[in-house]
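Data block below; observations after.
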Amino acid sequence: MNIGSAKIIELPKILDERGNLSFLEENNHVPFQIKRSYWIYDVPGGAIRGGHSYYENQEFIIAISGSFEVVVDNGSIKQTFSLNRSYYGLYVPNNIWREMINFSTNSLAFVVASTNYDEFDYQRDYQSFLKTKK
Ligand code: TYD
């Protein structure tokens, strides 16, 4: 099941006895042009990140280290994606509500985004988000 077009995308994995390597390219593994990257770390147990949607911004989220879950919600259906490998990413389109939960100790969430940071691109009110879906 895909909510909107939220989906797991497998990244290349170059196996090597010296250590493995993965990578991503814009408009290839990531289905948009990359304008920004950010990462979330030192998340205390039980904390929730996200809790908003974007009007325009699309994202690709990777658990570079450790694990966490991303709950995506299109206003009628919720789906939980578990991220726990550095060679899987979750594509999250715009206009999808999302929360990041259950961060493991020392987890590192790496996010590439299709827009520069813009607070006005955030929809942070869930009831207003739901109204846009009617
Ligand atoms: P926010 O996106 O609300 O965090 P999350 O969705 O993970 O809960 O961002 C938290 C703060 O960081 C907020 O004040 C905006 C700032 N921020 C930037 O300045 N640039 C960025 O690229 C991001 C993602 C956040």
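The values are calculated or read from the model by the stated rules, or taken from the named source; none is laboratory data. None of the values given here were measured: they were computed from a predicted structure. No Cβ is skipped: glycine too gets one built from the backbone with ideal geometry, and neighbour counts run over all protein chains shown. Accessible surface areas use protein heavy atoms only, side chains included; no ligands, DNA or RNA. Shrake-Rupley method; radii C 1.70, N 1.55, O 1.52, S 1.80 Å.
Laid out as a table, the results:
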| quantity | calculated |
| --- | --- |
| Candidate set: the range 1-52, residues that are over 20 Å from Tyr117 (Cα atoms) and touching a Ser or Thr at 6+ places or on another chain (Cβ under 8 Å); chosen: the one surrounded by the fewest Cβ atoms within 10 Å (Cβ to Cβ) | Gly45 |
| Residue selected from the range 99-133 under the condition among the basic types (Lys, Arg) and away from the ligand (no atom under 12 Å from the Cβ), by the criterion least open to solvent (accessible area, probe 1.4 Å) | Lys133 |
| Some residue of the range 114-133 being under 22 Å from Glu10 (Cβ atoms) and either assigned to a loop (DSSP other than H, G, I, E, B) or in contact (Cβ under 8 Å) with a residue 40 or more places away in the chain (or both) | yes |
